[in-house]
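Participant: Below is one structure. I have some questions about it.
The values are calculated or read from the model by the stated rules, or taken from the named source; none is laboratory data. Model, not experiment: these values are computed from the prediction. Glycine gets a Cβ as well: all are built from the backbone with ideal geometry, and neighbour counts include every protein chain shown.
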Amino acid sequence: MQCPEIMVVLLAVCGAPAGAHSGPDVADNSRNTPADSTVHYTRKQLRALVRGAHTAEDHKRLALYFRARAVEFSAKAAEQEQAFTEYIRNPGGYPSKYPTRGDVAKGLAAYYRMKANQANSLASEHTHEAEQIPTR
């Protein structure tokens, strides 16, 4: 499921579309196209971006990325909460084996809420870092 808010934030993170991404160079986000705007970095790539963030612009870009991830996780949590309420309304419509659909949805909703909170926290840290760097 694509949310318009996610697309707006991811387009802001990716910058102006200039062409297709042509390799593992993840530090240059300006090469991502709108079709490639659902950029998700690997842990290794993200660590490299965080380590290489020295300017306010770098930290702002990371903050936008983490805010986009938080929006994604919040949307997933809402989907799972919806699935949980559907299960509560009609538990007989699902298999009764453990873990039930309700258990799974409840667990996933809690997980996605936790990940959204972590992403918001990282976004706040990078926003704070960007504000601390003096501009010339």
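Participant: Take Ala16 and decide whether it is modelled with pLDDT of 95 or more and not charged (D, E, K, R). Working first, answer last.
Facilitator: Values: modelled with pLDDT of 95 or more: no; not charged (D, E, K, R): yes.
Taking the combined requirement at face value, the residue does not satisfy it.
Participant: Return yes or no: is Ala68 crowded, with 17+ Cβ neighbours inside 10 Å and hydrophobic (A, V, I, L, M, F, W, C)? Full working, then the answer.
Facilitator: Numbers: crowded, with 17+ Cβ neighbours inside 10 Å: yes; hydrophobic (A, V, I, L, M, F, W, C): yes.
Yes: the conditions hold for Ala68.
Participant: Using beta carbons and a limit of 7 Å, which pairs, at least six apart or on different chains, have the first residue in the range 71-96 and closer than 25 Å to His40 by Cα and the second one among the hydroxyl-bearing types (Ser, Thr, Tyr)?
Facilitator: That search, which allows pairs on different chains as well, returns Phe73/Tyr112; Lys76/Tyr112; Ala77/Tyr112; Gln80/Tyr112.
Participant: Then there's this: Being more than 16 Å from the chain's Cα centre (by Cα), surrounded by 17 or more Cβ atoms within 10 Å (Cβ to Cβ) and more than 13 Å from Leu62 (Cβ to Cβ) is the filter here, so list the residues in the range 84-135 that pass it.
Facilitator: Result: Phe84, Tyr87, Arg101, Ala105, Lys106.
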